[in-house]
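The values are calculated or read from the model by the stated rules, or taken from the named source; none is laboratory data. For clarity, every value in this text was computed on a predicted model and none was experimentally measured. For neighbour counting, all protein chains shown are included, and Cβ atoms are generated from backbone atoms with ideal geometry for every residue, glycine included. The area values use the complete protein model at the heavy-atom level, side chains included, leaving out ligands, DNA and RNA. Shrake-Rupley method; radii C 1.70, N 1.55, O 1.52, S 1.80 Å.
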Amino acid sequence: MPSVRLITLGCAKNEVDSEEIAGVLQRAGYRLDAQTDAPDVVVINTCGFLESAQREGMATIRDALRLKRQGKTQRVIVAGCMVQRLGESLQEQFPEVDAWVGVGQMARFAEIVDSARATRQPIADIQPPHHRWADVPTRLRSRAPWTAYLKVSEGCDHKCTFCTIPSFRGAHVSKPLERVLEEARWLAHNGAKEINLIAQDTTQYGYDLYKRFMLPTLLRELNAVEGIEWIRIHYAYPSRITDALIEAMASLPKVVPYLDVPLQHADGRVLKAMRRPGDDARYLQMVRRLREAMPDIAIRTTFIVGFPGEDEAAFQRLLDFLQAAQLDRVGAFMYSREKGTPAAEMPDQVPFRLKRERFDRLMRFQQPISLARNRLWVGRTMRVLIEGYSADGRYAIGRSHRDAPDVDGLVYVRGCTASPGAFVEARITNADVYDVWGEAIPYQPAGQTA
Ligand code: SF4
């Protein structure tokens, strides 16, 4: 069985695509092997979002081509967002690459790799972005079985002026409801207890297929899937936090009180230039509605600092918003001037030094807020998904409803003997900016008292 090393760059959506690619290849008789130092085929699933990601992609291609020149691999296949975005210029830059594959081709990967192995002529299979979902059982899981990303749609209809994603991922396309549910059931059957819903905009789910926003309906259906215990929403769009969505989140037991809603800024003038909805007042109202319905909700967001035209007053307005909103999890990016975006042509580009300074100021400003939000849990009990143990075995390490995989904090639990993948109750004893510490509460079967 020819061996394949599959390298995944970029976001969780790419990770799901790679799991589909791996599953399709395995079903066709290929052996997915990340360890071998001489794979027959190297497949690189790239990210094209920012120039920094492209640099990483190109470095990875160079490494693979070095292997090929050393005779340690036969074929190098490059796929994904960077190929869709840069297509021809990449082919000129790397003529030794054997196949170029655009986005959304997961279901066809075995045929593509077969063709690439059967010829010495480079293949280019880059079509206008479209998303053909591979059959459900093909996903070859790359993560711990108890947690999984579930991509509910791809592409985006929004026109944020700094963003390149619609140009290479195309317009918003939802996975049919039954297809999403089948995948969720399959994931649960294969051990997934936590389902992380992802898309470019999860709150737009279903509009293209059913002419209405279907995320509340999807949540109800997922809540009924046996085996799933936690459903977490990522990439919500700020103007789509409807009463129906909040009601579904608050009433469905498996939907955790957690929302990732990238706001990007809080100053109305900057948001307008970004072609994004809202402003600080409306976002504060959104935060208030969420907390009224779910007092324990953890709100995650990300901001861009240094967007063209952002002056000190606009930046200060963002800091004032952070102070007022008291958000739980905050990430930030320095604005990246991306070719082909309207913002790249805007006047008043902010110098890198100032972007850097504002990035540091924002992250420093948020730290005491994140600490205070974590400290609210000291003395309270949390449900924790255990994922492993510290090297010395003293602490179980897990995540609570407040912690999404990869991006948020951890919970360190003393006195715990549960296996990874199990849930435990823990009384929180201490907190820092990102993580909390606690003591495991001995399990009390229902109806029995201590
Ligand atoms: S919502 Fe805006 S930032 Fe997000 S993918 Fe769509 S265009 Fe890009």
Response to the item:
Val173: passes all of (1) open to solvent by 10 Å² or more (accessible area, probe 1.4 Å); (2) in contact with a Cys (Cβ under 8 Å, 6 or more places away or on another chain) but (2)
Worksheet item: Going by the conditions given, is Arg143 of a type in the set (Lys, Arg) and open to solvent by 50 Å² or more (accessible area, probe 1.4 Å)?
Response: yes
Worksheet item: Which of the residues spanning region 2-58 are open to solvent by 30 Å² or more (accessible area, probe 1.4 Å), under 18 Å from Ser115 (Cβ atoms) and not in a helix (DSSP H, G or I)?
Response: Pro2, Leu6, Ala28, Asp40
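Give Phe333, Phe359 a once-over and let me know the one that is in contact (Cβ under 8 Å) with a residue 12 or more places away in the chain, in a helix (DSSP H, G or I) and aromatic (Phe, Trp, Tyr). Full working, then the answer.
Values: Phe333 fails: in a helix (DSSP H, G or I).
After ruling out the rest, the residue left standing is Phe359.
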Worksheet item: Just one of Ile231, Ile246 is of a type in the set (Val, Ile, Thr) and touching a residue at least 40 places away in the same chain (Cβ under 8 Å); which is it?
Response: Ile246
Worksheet entry | Contacts under 7 angstrom Cβ, first residue in region 369-385 being closer than 12 Å to Arg427 by Cα, partner open to solvent by 50 Å² or more (accessible area, probe 1.4 Å) and in a strand (DSSP E or B), 6 or more apart | Val378/Thr429; Val378/Asn430; Thr381/Glu425; Thr381/Arg427; Arg383/Glu425
Fill in: Of residues in region 295-313 being surrounded by fewer than 20 Cβ atoms within 10 Å (Cβ to Cβ) and of a type outside the set (Val, Ile, Thr), the one nearest to Val256 (Cα to Cα)
Asp296
Worksheet item: Does at least one position in region 208-218 carry a residue that is over 20 Å from the mean Cα position of the chain (by Cα) and within 16 Å of the ligand (Cβ to nearest atom)?
Response: yes
Worksheet item: In region 157-170, which residue that is in contact with a Gly (Cβ under 9 Å, 6 or more places away or on another chain) and open to solvent by 20 Å² or more (accessible area, probe 1.4 Å) is farthest from the ligand (Cβ to nearest atom)?
Response: Ser167
Response to the item:
Of Gln323, Gln316, the only residue that is part of a helix (DSSP H, G or I) and touching a residue at least 24 places away in the same chain (Cβ under 8 Å) is Gln323
Fill in: Scope region 180-200; condition surrounded by 20 or more Cβ atoms within 10 Å (Cβ to Cβ) and either among the charged types (D, E, K, R) or within 16 Å of the ligand (Cβ to nearest atom) (or both); matching residues
Glu183, Glu194, Leu197, Ile198, Ala199, Gln200
Fill in: Close pairs (9 angstrom Cβ cut-off, 6 or more residues apart or separate chains): more than 15 Å from Pro128 (Cβ to Cβ) in region 164-186, of a type in the set (Asp, Glu) and assigned to a helix (DSSP H, G or I) anywhere
Ser174/Asp208; Lys175/Glu183; Leu177/Glu221; Val180/Glu221; Leu181/Glu221; Ala184/Glu221
Item to complete: Scan region 107-133 residue by residue and report those that are more than 13 Å from Arg75 (Cβ to Cβ) and either open to solvent by less than 10 Å² (accessible area, probe 1.4 Å) or among the β-branched types (Val, Ile, Thr) (or both).
Response: Ile126
Worksheet item: Just checking, which of Glu111, Glu154 is among the acidic types (Asp, Glu) and not assigned by TED's automatic domain parsing to the domain that holds Asp17?
Response: Glu154
